[in-house]
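The values are calculated or read from the model by the stated rules, or taken from the named source; none is laboratory data. These numbers were taken from a predicted model, which means no experiment stands behind them. Here the Cβ positions follow ideal geometry from the backbone for every residue, glycine too, while neighbour counts run over all protein chains shown. Note: areas computed on protein heavy atoms with side chains; ligands, DNA, RNA excluded. Shrake-Rupley method; radii C 1.70, N 1.55, O 1.52, S 1.80 Å.
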Amino acid sequence: QLQAFGGGRVQPGDSLRLSCATSGHTFSAYTVGWFRQAPGEEREFVAAIRWSSRSTYYEDSVKGRFTISRDNAKNTVYLQLNSLKPEDTAVYYCAAGRGIIVSATYNHRSYDAWGQGTLVTVSS
């Protein structure tokens, strides 16, 4: 079971850190991803990290602004959101999956465990 938290309402240019934690399991051998869904829009890939290799992947519009990382001891994945823009407003979901090949990392159908989502609102 995954739990995502850390969302909130911020102004453009502000930062937030989202957390994704698992209870009862570990992320070992998993790929953990963040996706987001704005009202009326499709769910889209944001970032992902392979637990074993620490390889990271980003959607083009967030490169240089968002950073995904992991904490072994806390079995938690973080998504640092910097320089937030109004178009970043969405519900952010974390997800995990095993055996995901690189080309499938960006596809939400590759992930079989999902958190409940946390709302990020960027508005002045």
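What the table below lists for this structure:
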read-out: Answer from 98, 17 - the residue that is open to solvent by 80 Å² or more (accessible area, probe 1.4 Å), touching a Leu at 6+ places or on another chain (Cβ under 8 Å) and either of a type in the set (Asp, Glu) or in contact (Cβ under 8 Å) with a residue 60 or more places away in the chain (or both); value: 17
read-out: Flag for residue 27 being open to solvent by less than 60 Å² (accessible area, probe 1.4 Å), touching a His at 6+ places or on another chain (Cβ under 8 Å), within 21 Å of residue 113 (Cα to Cα) and not aliphatic (A, V, I, L, M); value: no
read-out: For residue 35: the one exception among (1) touching a residue at least 12 places away in the same chain (Cβ under 8 Å); (2) over 10 Å from the mean Cα position of the chain (by Cα); value: (2)
read-out: Condition check for residue 44: touching a strand residue (DSSP E or B) at 6+ places or on another chain (Cβ under 7 Å), charged (D, E, K, R) and either closer than 17 Å to residue 3 by Cβ or open to solvent by less than 60 Å² (accessible area, probe 1.4 Å) (or both); value: no
read-out: Residue list for region 57-91, filter: open to solvent by less than 60 Å² (accessible area, probe 1.4 Å), of a type in the set (Ser, Thr, Tyr) and farther than 16 Å from residue 121 by Cβ; value: 57, 58, 61, 69, 76, 78
read-out: Conditions (1) more than 14 Å from the chain's Cα centre (by Cα); (2) in contact (Cβ under 8 Å) with a residue 40 or more places away in the chain; number of the one not met by residue 24; value: (2)
read-out: Top-ranked residue in region 2-11 [being open to solvent by 60 Å² or more (accessible area, probe 1.4 Å) and within 17 Å of residue 92 (Cβ to Cβ); ranked as modelled with the lowest pLDDT]; value: 3
read-out: Subset of region 101-124 [part of a loop (DSSP other than H, G, I, E, B) and either touching a helix residue (DSSP H, G or I) at 6+ places or on another chain (Cβ under 7 Å) or open to solvent by 60 Å² or more (accessible area, probe 1.4 Å) (or both)]; value: 101, 106, 107, 112, 116, 123, 124
